[in-house]
1. Of all residues being open to solvent by less than 60 Å² (accessible area, probe 1.4 Å) and part of a loop (DSSP other than H, G, I, E, B) in the range 21-33, which is modelled with the lowest pLDDT? Just the residue, please.
2. Given the criterion in contact with a helix residue (DSSP H, G or I) (Cβ under 6 Å, 6 or more places away or on another chain) and in contact (Cβ under 8 Å) with a residue 40 or more places away in the chain, identify the matching residue among GLY32, GLY53.
3. Does the range 146-162 contain any residue that is in contact with a Ser or Thr (Cβ under 6 Å, 6 or more places away or on another chain) and open to solvent by less than 10 Å² (accessible area, probe 1.4 Å)?
4. On the basis of being without any contact (Cβ under 8 Å) to a residue 60 or more places away in the chain, among the small types (Gly, Ala, Ser) and more than 30 Å from GLN134 (Cβ to Cβ), does ALA46 make the cut?
5. Search the range 261-293 for residues being touching a residue at least 24 places away in the same chain (Cβ under 8 Å) and among the small types (Gly, Ala, Ser), and hand back the single one that is surrounded by the most Cβ atoms within 10 Å (Cβ to Cβ).
6. May I ask you to say which residue of PRO229, PRO244, PRO194 is surrounded by fewer than 19 Cβ atoms within 10 Å (Cβ to Cβ) and at pLDDT 95 or above?
Amino acid sequence: MAFSKRVDRLKSSLIREILAAAQRPEVMSFAGGLPAEAMLPKVDWAPMPAALGQYGMSEGEPALREAIAAEARALGVPCEASQVLIVSGSQQTLDLASKLFIDPGTEVLLEAPTYLAALQAFQFFGADCIAVPQESDGPQLEALRRALERSTPAFAYLIPTFQNPSAVRYSEAKREAVAALLDEFGVPLIEDEPYRELVFDEGSARPIVSRLRKASWIYTGTVSKTLLPGLRVGYLIASPDLFPYLLRLKQSADLHTNRIGQWQALQWLGSEQYRAHLAELRDFYRLRRDAMQAALLEHFADLADWEIPQGGLFFWLTLRQPLDTRTLLDAALQRNVAFMPGEPFFVDPDRHPGHLRLNFSHVGPDRLGEGLRRLAAVIREALPAEAA
């Protein structure tokens, strides 16, 4: 049987495999970016019009597009509803953008580390990924400039607000500098913001796309982290030169995003009910973040370094004695603990050993400490005797 050459680049999703292995109720999973089930809102389907069971527009429901455009303009994103495309989770944005920009050998620019599923999508279509190291407030600007001078990437893919996996939030200065560099070199930006609403302090920052003057752009988000991930409703907003192509690609992919999920999202976005839900969500996750910070100090203080995340769902740990954390998975699962190794978040994973991504939203505080104690024990056992 003859498959396309792309199939040779097809990789299974490590995070999905870990989540499948962690389905047993006794497993304490710090692996996936799963919202806390206790915070999934109760929804009412009764008022939904029966007509929404019919086929819909590829662009998405007009009222939802208007609501998303209004929210984006409030953040400083220059857009109209005509630039909004409703997608099947923001993951579909990455698929559509890959189809638009990437041929085998196409260069794309990423953060190091970066979102694993984005990296897999780009590599599946044959991209050569160029990685720019992260600092605590965003990418290393000198490295970014050198990368742009040496190559001609089709686009830059960035997650500037509570980045997955590192939880980094770009500073205002870095956002301005990145926008200026992308304008200078004429490189389109894909800005991914699934965690913007999950902020635990008073800080905020305008999206990078709002600062661009010349470069084309795609801005993408989702309701998966704030409402129901099962709705599979996300959105992209694109500069006018890109939008028609993305719309045609959407039409060829799945005709339109499910209208039932779109209707439910519309009941919430921009409402007082939604604002109250977000406030409750932030308080809940802030408490869980603080609980994990306390447990990490107890069990990992001598093993790893980390920053306290100011938003999002993850801690990013760097072991003081590097080892390939992928080799720890089986031992951790045998102790009913799951975590996400850090190596796969890098373009060249074997050159970046010694990182872990730990989710703090899913495991309750009553089990958190025990889970981290077991995980720390697995790491200590794997370290050389003199290091442990």
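The values are calculated or read from the model by the stated rules, or taken from the named source; none is laboratory data. If you're wondering where the values come from, they're calculated on a predicted model, not measured in any experiment. Positions of Cβ are backbone-derived with ideal geometry, glycine not excepted, and every protein chain shown enters the neighbour counts. Surface accessibility is based on the protein's heavy atoms, side chains included, excluding ligands, DNA and RNA. Shrake-Rupley method; radii C 1.70, N 1.55, O 1.52, S 1.80 Å.
1. Selected residue: ALA22.
2. Residue meeting the stated conditions: GLY32.
3. No; the residues of the range 146-162 include none that is in contact with a Ser or Thr (Cβ under 6 Å, 6 or more places away or on another chain) and open to solvent by less than 10 Å² (accessible area, probe 1.4 Å).
4. Spelling it out, ALA46 is indeed without any contact (Cβ under 8 Å) to a residue 60 or more places away in the chain, among the small types (Gly, Ala, Ser) and more than 30 Å from GLN134 (Cβ to Cβ).
5. Ranking the qualifying residues of the range 261-293, first place goes to ALA265.
6. PRO244 is the lone residue from the list that is surrounded by fewer than 19 Cβ atoms within 10 Å (Cβ to Cβ) and at pLDDT 95 or above.
Matching residues to (1) in the same structural domain as GLY312 (by the TED database); (2) outside any strand (DSSP E or B); (3) under 22 Å from VAL187 (Cα atoms):
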{"site": "ARG213", "(1), (2), (3)": "no, yes, yes"}
{"site": "THR220", "(1), (2), (3)": "no, no, yes"}
{"site": "LEU227", "(1), (2), (3)": "no, yes, no"}
{"site": "ALA253", "(1), (2), (3)": "no, yes, no"}
{"site": "HIS256", "(1), (2), (3)": "no, yes, no"}
{"site": "ILE260", "(1), (2), (3)": "no, yes, no"}
{"site": "ASP283", "(1), (2), (3)": "yes, yes, no"}
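Residue by residue, here is whether (1) surrounded by 14 or more Cβ atoms within 10 Å (Cβ to Cβ); (2) under 22 Å from the mean Cα position of the chain (by Cα) holds:
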| site | (1), (2) |
| --- | --- |
| MET48 | yes, no |
| LEU52 | yes, no |
| TYR55 | no, no |
| GLY76 | no, yes |
